[in-house]
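Below: the structure, in C-alpha cells.
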Amino acid sequence: MFKNVTTLTEFILEEESKFPQATGNFTLLMTLIENATKIIGSHIKKAGLVDILGQTGGTNVYEEEVQKLDVFSNDLLVNILSSSNLVSTIASEELEKPIRLKNKGHYAIFFDPLDGSSNIDTNVSIGTIFSIYKNSGNYLQKGSQQVAAGYVVYGSSIMFVYTSGSGVNGFTLDPSIGSFLLSHPNIRIPEKGSTYSINEGYFEMFDIKVKNYISSLKKEKKYKLRYVGSMVADIHRTLLKGGIFLHPADFKNAQGKLRLMFEVNPMSFIVNQAGGKSISGTADPLEITPTSVHQRTPIVLGSSQEIDKYLSSIKS
Ligand code: AHG
Ligand code: MN
Ligand code: MN
C-alpha cells in the first residue's frame, strides 16, 4: 500500500509556515545546504574511483593536511551560499577568515564542510556540520543564538539531521529519487547509554579526573567503547543509541581539539534539543562568548544521565 512520505523540503516549509512573519528565506537556505550535501555525498561515493583522494599539498589553518574532498566540499558550499543573497557571513573551518558579503542576507552561516577527513580514504563515515545565526553586528555570537544547526552523515546511508529549536528530526536520502525523506521524526536521545566514545590513545595526557572517570566506567563492566574519529558519526550514534562522547582537553591541547563555532555549538544545540546535555569544562558551551572564529574548546556531550554521572565523577 502507498505510504505517505515527507520530504525534507516539505518538512521545513511546514515548520516555517508556523511563523506568520517568515519570508521563506530559511527554507531556501536549508534547500541550498541540502543540495550542496547531496552533491558532496555523490562525490564521496565516487572517491574510491576517481583520483580525488590524497592531499592537495597544502595545510589548513590548523596546520593539518588538507585533502581534496575537504577543499571540494568547502568550495561548493561557499559558491552556492555566496551567490544566494541569503547569507552575508560565511565562515568555514577551511577558511582562515569569514567571508563578509555586501548583501542584505539575513543569516550568518558556519560550517565544517567535511568532518572526519582522516577517514576519507578508508571508507569510514564522514560528515558535514552547519550552524546558522541571524545576522548581527558581531558575527561571533554565542551558540545559544543559533537559529538552526544540523549535520549530514555520509555513512551506509546518507542522513540529514537538524534542529531549528523545536526538536531534532532526521531524514534519509532515498538515492532512487534523490530526496531526503523523514525517517527519524522527533529524535530523543536515550537518557542512559552503554557506550562511551573518546580517543583513549590520549589517556596518559588526560587530566586525572578524566582518567578516573574513564577507569570508573571500565570497572562497571557494562560499557562498550566506540570511537570512529569522525565527530559526526560518533555523535550520530550517541544521539540514536545513547551514551557519552568526550573530546576533553589534554596536556598537549589545553583547549581541546574541536572547534566551538564549527563543531561544538551545532552539536550541542542538536543534542540539547534531543533531550541530552553538553558541557565544556564545567561551562555550558552554548553560553561561551566566542573570541575567535577558529577557537577550540573541550566538549563532553550525550545522554542526560551519563553527563550527570560524568559531572559528579569529576567533581568528587
Ligand atoms: P576534521 O576532519 O573536520 O578536521 O575534524 C576531525 C575531528 C572530529 O571529526 C573528530 O571527533 C576528531 O577530529 C578526532 O580527533 P582525534 O583523532 O584526534 O581524536
Ligand atoms: Mn571536524
Ligand atoms: Mn573538517
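The values are calculated or read from the model by the stated rules, or taken from the named source; none is laboratory data. Please read all numbers here as calculations on a predicted model, not as lab measurements. Glycine gets a Cβ as well: all are built from the backbone with ideal geometry, and neighbour counts include every protein chain shown. Each accessible area value is taken on the protein alone, full model and side chains, heavy atoms only, with ligands, DNA and RNA left out. Shrake-Rupley method; radii C 1.70, N 1.55, O 1.52, S 1.80 Å.
Going through segment 188-236 one residue at a time, which ones are away from ligand 3 (no atom under 16 Å from the Cβ), small (Gly, Ala, Ser) and buried (at least 20 other Cβ atoms within 10 Å of the Cβ)? Matches in segment 188-236: Gly193, Ser197. Taken over segment 1-24, the criterion of being hydroxyl-bearing (Ser, Thr, Tyr) and surrounded by 15 or more Cβ atoms within 10 Å (Cβ to Cβ) is satisfied by Thr6, Thr7, Thr9.
Just one residue in the set Lys211, Lys192 is in a loop (DSSP other than H, G, I, E, B), over 30 Å from Asn4 (Cα atoms) and either away from ligand 2 (no atom under 16 Å from the Cβ) or in contact (Cβ under 8 Å) with a residue 40 or more places away in the chain (or both); that residue is Lys192.
If you go through segment 152-178 and keep only what is more than 21 Å from the chain's Cα centre (by Cα) and surrounded by 14 or more Cβ atoms within 10 Å (Cβ to Cβ), you end up with just Asp174.
So that you can scan it fast, the table gives a plain yes or no per residue for (1) in the same structural domain as Tyr151 (by TED's automatic domain parsing); (2) more than 16 Å from ligand 2 (Cβ to nearest atom); (3) in contact with a Ser or Thr (Cβ under 7 Å, 6 or more places away or on another chain):
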position	(1), (2), (3)
Glu220	no, yes, no
Tyr227	no, no, yes
Ile235	no, no, no
Pro298	no, no, yes
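Can you tell me how many residues within segment 253-271 are more than 12 Å from ligand 1 (Cβ to nearest atom) and either farther than 12 Å from Glu93 by Cα or outside the structural domain of Ala283 (by TED's automatic domain parsing) (or both)?
From segment 253-271, those more than 12 Å from ligand 1 (Cβ to nearest atom) are 254-255, 260-261, 265-266, 268-271; that's our starting set.
Add one more test, that the residue is either farther than 12 Å from Glu93 by Cα or outside the structural domain of Ala283 (by TED's automatic domain parsing) (or both), and what stays is 254-255, 265-266, 268-271.
Looking only at that region, the number is 8.
Of all residue pairs spaced 6 or more apart or on separate chains, those with beta-carbon atoms under 7 Å, a first member in segment 145-157 that is within 13 Å of Tyr133 (Cβ to Cβ) and a second member that is charged (D, E, K, R) and assigned to a strand (DSSP E or B) are Val147/Lys134. Of the residues making up segment 102-133, those that are open to solvent by 10 Å² or more (accessible area, probe 1.4 Å), at pLDDT below 95 and more than 14 Å from ligand 2 (Cβ to nearest atom) are Lys102, Asn103, Lys104, His106, Asp121, Thr122, Asn123.
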